[in-house]
Each structure stands twice: as structure tokens, then as C-alpha cells.
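> Before I ask anything, here is the structure I am working with.
Please treat every number below as a calculation from the coordinates, not as lab data. Note that the structure is predicted; figures quoted are calculated from it, not measured. Neighbour counts are summed over all protein chains in view; Cβ atoms, including those assigned to glycine, are modelled from backbone coordinates with ideal geometry.
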Amino acid sequence: MDKENKNTALFLQLVSTYEMTAMMAMGKIKNPVTDKTEKDLDQARFAIDMLDMIIEKTKGNLNDEENRFIQNISSQLKLNFVKELEHSPEKKNQNETDN
């Protein structure tokens, strides 16, 4: 494998790692260490913010495949995150105090 292909594979793996971290933190998939579904929206937000930082810092340096991949992952995570916020106890408590 040449260096460019190796770096692309490593980049895609890095993005996938943050994707899995965010999905676990949103309670969408089980944590493989604990074998439990856990929810920590602050941790999910951190993983999504890390991907946004990577997008910003790599702007103009990614090939089309890498760019599409990270943009798609970021968009999907953000949509899932908003849905989780809508169903979070904090949101419900906020709505109750607003009424």
C-alpha cells in the first residue's frame, strides 16, 4: 500500500472512531467494553466538535472521498444529536419550566 492510500485509510478510520464514540455517547450503539447502552450527550457533543475541528483544519487538503466521508458522518451525527436532545430529560425539564 502506498503512503497516500495508507493515509486515506488511516484518516477514514480516525473519522470512524469519532463516529462510533458519538454514537455510543448518544446511546445508539452498545459500549463494547461494558456491553451496555449508555447516554452522555456532553461526550457526544465533544466527539462531534472534534470532527468539526478536523473538517476546519483539513479544509483544502482532503481528496473527494475523504471530504464526502467526513461531511456525511458529521451531518448524520448532528441530525442524530438534535433528535437525542429533543428526547433528553434536560429538554423536557426546560419545556416544563417554560410553561
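> If you bin every alpha carbon distance in the stretch 7-48 into 10 Å steps from zero, what whole percent lands in each bin?
34, 46, 19, 2
> Given the alpha-carbon gyration tensor of the chain, what are the semi-axes of its equivalent ellipsoid in whole angstrom, ordered largest first, with each equal to the square root of 5 times an eigenvalue?
For the chain, the semi-axes come out at 31, 16, 9 Å.
> Scan around residue 26 for amide H atoms under 5 Å from its own, H built in the peptide plane at 1.01 Å from N, and keep only partners 5 or more places away or cross-chain.
Counting only residues 5 or more places away or on other chains, the set is 40.
> A further question on this structure: Is there a quick way to get the dipole size of the stretch 3-87? I mean about its Cα centre, with the Cβ of Lys and Arg at +1 and of Asp and Glu at -1; what is the value in debye to the nearest 20?
I would put it at about 100 debye.
> Could I ask something else about it? When the chain is fully extended, how far beyond the present Cα-Cα distance does residue 56 get from residue 36, taking 0.36 nm per residue of separation? Display every interim value, and only then the final one.
On the way: separation 20, 0.36 × 20 = 7.20 nm, distance 3.31 nm.
Extra length from residue 56 to residue 36 when fully extended: 3.9 nm.
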